[in-house]
Amino acid sequence: MRYISTRGGITPVSFSDAVMMGLADDGGLLLPEKIPTVDMDKVRSWHNLPFQYLAVDILSLFIDDLPRQVLEDLVERSYSSFRHPQVTPITHQGEVYILELFHGPTLAFKDVALQFLGNLFEILLDQRSTYMNILGATSGDTGSAAIHGARGKDRINIFILHPDGRVSPIQKLQMTTVTDPNVFNIAIRGTFDDGQAIVKEVFNDLGFKEKHHLGAINSINWARVLAQVVYYVYSWLKLRSRGFDTVDFSVPTGNFGDIFAGYIAKRLLPEGLINRLVLATNTNDILARFVGKGDYSKGQVSATFSPSMDIQVASNFERYLYYLRNEDPAQVVKDMDTFSATGGLDLSSLHDFIAKDFVSRSVSEEETLETIRDFHDRHDYLMDPHTAVGVHAAQSFVDPERPMICLATAHPAKFGEAVKKAIGREPELPPALAGLEDKESRCDTLDADTEQIKAYMREHVLS
Ligand SMILES: *Cc1c(COP(=O)(O)O)cnc(C)c1O
């Protein structure tokens, strides 16, 4: 299996090279040359497999340059940090099924991919006898999941910038109480956008980037998408064993990473087994407008109860665009140029193609809280605001004949303030979050200044 760029400007590379490359060298995103497919016999052989076994089987359809034994160890290690024996269990609540993706070390779905990516980096760096300095900016969730994926790894140092005073106290503690010597938390005196701009500037200094072997962990890495394909198939198999042949999924969406993994799962499985993907956004609705009307145009970002989805430009969108454009890289380049120049793309003529796989709904703040309250009152089930966005959107599309699986992307205790607004009290802290205040913590505070960050890194990089 070789990997190509959505922009057509690289010679195809192996899986390992695709992971190390992150962003393709021509500025595009990496995709498998051909999406593998499986037949019903294969699907039947997956019946009742534990998560880890299924994961190895699915991953090996996309990875042919790591021995199976290595893949088995990698998967075993990556998911041993999850607190639930099924890794991503599913529960039936009212008219929907809820796929809980938050049983990892930082209680958010990003752990599924970043535990895997951290261990994968370690193996690839080992094979190549080299090292990596990871640099990223976070508004909260990604940073802690990345830190927990990289902590304690010999060949990796990780530097994560977060905006000082602008992440929740719990999110801050989840990062700063990881005191392994290879972890560097930097609070910057500025906003999340400042942090992202600094990271971009540092990566654009190609001399600095090469000298210090900089690596990125943002959601454009193919390995992150791939790791997420597994739970779509796993949860579909669970419902199949309860007698259902076809399912819908509802996915609270920000950067189009998670739902794109659902699209890959849909194409991997025999036709029709995954019926539709519900793309759910908060009031930052660029992707809902895209699915609904083919209108992909930027608006202003507004802050919501579901901050991990407060985005206007979806970094994984280009991957889907490649398929939407019939795998024509020249057209993708043209589209991306138009988008950078004008902030918008009119894809309304392709609406029928989009509608074969997706429906969408944008969910208001009030609807988000109402949904949390409603499931708490009616079913004694507590969900976080991101999950609530997906569940609310799902309710418009439930077909009584077919299960609707809603992805639960964070534990409610991570977003206690919003939950309190909905039900009048904060959720109980699970053991992973209780007592964080009493732990030792480490963090340095710096100005939102690229030169200061670089100077700090020069002092602390692996070399
Ligand atoms: C990152 C995140 C999302 C959005 O996922 P994308 O892959 O960016 O679409 C949703 N919910 C939570 C809790 C997240 O952390």
Filter pass, Asp180 being acidic (Asp, Glu), more than 16 Å from the ligand (Cβ to nearest atom) and closer than 19 Å to Gln452 by Cα: no
Answer residue from region 1-24, given it is hydrophobic (A, V, I, L, M, F, W, C) and assigned to a loop (DSSP other than H, G, I, E, B) and is modelled with the lowest pLDDT among those: Leu23
Any hit, region 321-341, residues being more than 18 Å from Ser396 (Cβ to Cβ) and within 16 Å of the ligand (Cβ to nearest atom): yes
Selection status of His386, crowded, with 18+ Cβ neighbours inside 10 Å and under 30 Å from Thr176 (Cα atoms): yes
Among (1) farther than 30 Å from Ser396 by Cα; (2) modelled with pLDDT of 95 or more; (3) part of a helix (DSSP H, G or I) - the single one Lys209 does not satisfy: (2)
Residue in region 432-451 that is more than 30 Å from Glu210 (Cβ to Cβ), without any contact (Cβ under 8 Å) to a residue 60 or more places away in the chain and surrounded by 15 or more Cβ atoms within 10 Å (Cβ to Cβ) present: no
Filter pass, Asn157 being buried (at least 21 other Cβ atoms within 10 Å of the Cβ) and under 30 Å from Glu33 (Cβ atoms): no
Odd one out for Met309 among (1) modelled with pLDDT of 95 or more; (2) hydrophobic (A, V, I, L, M, F, W, C); (3) within 15 Å of the ligand (Cβ to nearest atom): (1)
Subset of region 302-342 that is of a type in the set (Asp, Glu) and open to solvent by 40 Å² or more (accessible area, probe 1.4 Å) - its residue that is farthest from Lys421 (Cα to Cα): Asp328
Residue within region 403-420 that is within 16 Å of the ligand (Cβ to nearest atom), surrounded by fewer than 19 Cβ atoms within 10 Å (Cβ to Cβ) and modelled with pLDDT under 95 present: yes
Qualifying residue in region 193-214 (condition: under 28 Å from Pro403 (Cβ atoms) and either among the β-branched types (Val, Ile, Thr) or buried (at least 20 other Cβ atoms within 10 Å of the Cβ) (or both)): no
Failed criterion for Glu100 (all others in (1) open to solvent by less than 10 Å² (accessible area, probe 1.4 Å); (2) within 16 Å of the ligand (Cβ to nearest atom); (3) not polar (S, T, N, Q) hold): (1)
Filtered residues of region 82-99 (kept if within 20 Å of the chain's Cα centre (by Cα) and in contact (Cβ under 8 Å) with a residue 24 or more places away in the chain): Phe82, Arg83, Gln86, Val87, Thr88, Ile90, Ile98, Leu99
Condition check for Asn275: part of a loop (DSSP other than H, G, I, E, B) and either under 21 Å from Gln312 (Cβ atoms) or among the polar types (S, T, N, Q) (or both): no
Close pairs (9 angstrom Cβ cut-off, 6 or more residues apart or separate chains): of a type in the set (S, T, N, Q) in region 100-113, near the ligand (Cβ under 9 Å from one of its atoms) and at pLDDT below 95 anywhere: Thr106/Asp141; Thr106/Lys414
Selected residue (only one of Leu66, Leu120 is over 20 Å from Leu237 (Cβ atoms), over 19 Å from the mean Cα position of the chain (by Cα), touching a residue at least 12 places away in the same chain (Cβ under 8 Å) and open to solvent by less than 30 Å² (accessible area, probe 1.4 Å)): Leu66
Strands (runs of 3 or more DSSP E) completely within region 336-425 that count 1 or more residues being more than 23 Å from the chain's Cα centre (by Cα): 344-346
Those residues of region 247-262 which are open to solvent by less than 40 Å² (accessible area, probe 1.4 Å) and either outside any strand (DSSP E or B) or near the ligand (Cβ under 6 Å from one of its atoms) (or both), in sequence order: Pro252, Thr253, Gly254, Phe256, Gly257, Asp258, Ile259, Phe260, Ala261, Gly262
Of residues in region 263-301 being polar (S, T, N, Q) and open to solvent by 10 Å² or more (accessible area, probe 1.4 Å), the one modelled with the lowest pLDDT: Gln300
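Within the group Ser168, Ser81, Ser129, which residue is farther than 21 Å from Pro430 by Cα and open to solvent by 10 Å² or more (accessible area, probe 1.4 Å)?
Selected residue: Ser129, the only one of Ser168, Ser81, Ser129 that is farther than 21 Å from Pro430 by Cα and open to solvent by 10 Å² or more (accessible area, probe 1.4 Å).
Please state which one of Met21, Met40 is over 23 Å from Asp335 (Cβ atoms) and open to solvent by less than 60 Å² (accessible area, probe 1.4 Å). It would help to see each step written out before you state the result.
Numbers: Met21 fails: over 23 Å from Asp335 (Cβ atoms).
Among Met21, Met40, only Met40 is over 23 Å from Asp335 (Cβ atoms) and open to solvent by less than 60 Å² (accessible area, probe 1.4 Å).
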Failed item in (1) open to solvent by 20 Å² or more (accessible area, probe 1.4 Å); (2) within 16 Å of the ligand (Cβ to nearest atom), with Ser45 passing the rest: (2)
Verdict on Ala265 being within 13 Å of the ligand (Cβ to nearest atom), in a helix (DSSP H, G or I) and closer than 23 Å to Lys110 by Cα: no
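The values are calculated or read from the model by the stated rules, or taken from the named source; none is laboratory data. Keep in mind that what you see is a predicted model, and the values were worked out from it rather than measured. When we count neighbours, we look across all protein chains shown, and the Cβ atoms used for this are built from the backbone with ideal geometry, even at glycine. Quick note on the areas: whole protein, heavy atoms, side chains included, nothing else; ligands and nucleic acids left out. Shrake-Rupley method; radii C 1.70, N 1.55, O 1.52, S 1.80 Å.
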